[in-house]
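Participant: Could you have a look at this structure, given as structure tokens, before my questions?
The values are calculated or read from the model by the stated rules, or taken from the named source; none is laboratory data. Just so we're clear, the structure is a prediction, and the values are computed from it rather than from any experiment. So basically every Cβ, Gly included, is an ideal-geometry build from the backbone, and we count neighbours across all protein chains shown.
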């Protein structure tokens, strides 16, 4: 099931007419189930989203915006962090490039004494139903972000994601995933009908 351009409160408008912003965001669609099989690189099994303003996280893409009242709101933003939730992508060329780059950054940091974890790829299959407490935004051709459907505490959001992953996702070692999913087998990001079918 899919809704187009829903009306609900968000911390930052989905589109902003701001000459100082280089990025302009527009919401394409909102989903209550995954429209394709999608993947996410994560440096550990549990969700570790952190307040990017405090900068205490080990993986930059896990940073989210926490409002002054201490809550995480669903949002799209023209400045980093662009989303308030984990980003998922289908197996496209860009997804492969980003995943492999993120793994390389992790490995390089670990080699010079950075924290060592067990990097994973989270897989959520096509047609997986999303619980009412979460919602999936699509703001770009092949980019989706899983966000809270209403404002909540960051710790609650992380726990909510862990619960969803435990029932609806599979975890694969990142190196194993890359070995099984060759870059050349990835879909073009613009081939929406192709990756939507998987």
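Participant: Restrict the check to the stretch 25-35 and report whether at least one residue is in contact with a helix residue (DSSP H, G or I) (Cβ under 7 Å, 6 or more places away or on another chain), at pLDDT 70 or above and in a loop (DSSP other than H, G, I, E, B).
Facilitator: yes
Participant: Sticking with this one: If only one of 198, 181 is more than 24 Å from residue 66 (Cβ to Cβ), over 17 Å from the mean Cα position of the chain (by Cα), in contact (Cβ under 8 Å) with a residue 60 or more places away in the chain and buried (at least 16 other Cβ atoms within 10 Å of the Cβ), which one is it?
Facilitator: Criteria check complete, one pass: 181.
Participant: Which of (1) assigned to a loop (DSSP other than H, G, I, E, B); (2) closer than 22 Å to residue 96 by Cα; (3) at pLDDT 90 or above does residue 66 not meet, given it meets every other one?
Facilitator: Single failed check for residue 66: (2).
Participant: Filter the stretch 94-136 down to residues that are in contact with a strand residue (DSSP E or B) (Cβ under 8 Å, 6 or more places away or on another chain) and either free of Cβ contacts under 8 Å to residues at least 24 places away in the same chain or closer than 12 Å to residue 43 by Cα (or both), then give me how many there are.
Facilitator: Number of matching residues: 8.
Listed here are the residues, each with its yes/no results for (1) closer than 16 Å to residue 87 by Cα; (2) out of contact with any strand residue (DSSP E or B) (no Cβ under 9 Å at 6 or more places or on another chain); (3) part of a helix (DSSP H, G or I).
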site: 138; (1), (2), (3): yes, no, no
site: 145; (1), (2), (3): yes, no, no
site: 156; (1), (2), (3): no, no, yes
site: 161; (1), (2), (3): yes, no, yes
site: 166; (1), (2), (3): no, yes, yes
site: 176; (1), (2), (3): no, no, yes
site: 184; (1), (2), (3): no, yes, yes
site: 195; (1), (2), (3): no, no, yes
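Participant: Further question on the same structure: Looking at the stretch 93-106, can you tell me whether even one residue there is more than 18 Å from residue 49 (Cβ to Cβ) and outside any helix (DSSP H, G or I)?
Facilitator: No, the stretch 93-106 contains no residue that is more than 18 Å from residue 49 (Cβ to Cβ) and outside any helix (DSSP H, G or I).
Participant: Within the stretch 184-191, identify whether any single residue is surrounded by 14 or more Cβ atoms within 10 Å (Cβ to Cβ), under 18 Å from the mean Cα position of the chain (by Cα) and farther than 20 Å from residue 45 by Cβ, and answer yes or no.
Facilitator: Yes, the stretch 184-191 contains a residue that is surrounded by 14 or more Cβ atoms within 10 Å (Cβ to Cβ), under 18 Å from the mean Cα position of the chain (by Cα) and farther than 20 Å from residue 45 by Cβ.
Participant: Of 84, 91, which residue is farther than 21 Å from residue 170 by Cα, in contact with a helix residue (DSSP H, G or I) (Cβ under 9 Å, 6 or more places away or on another chain) and in contact (Cβ under 8 Å) with a residue 24 or more places away in the chain?
Facilitator: 84
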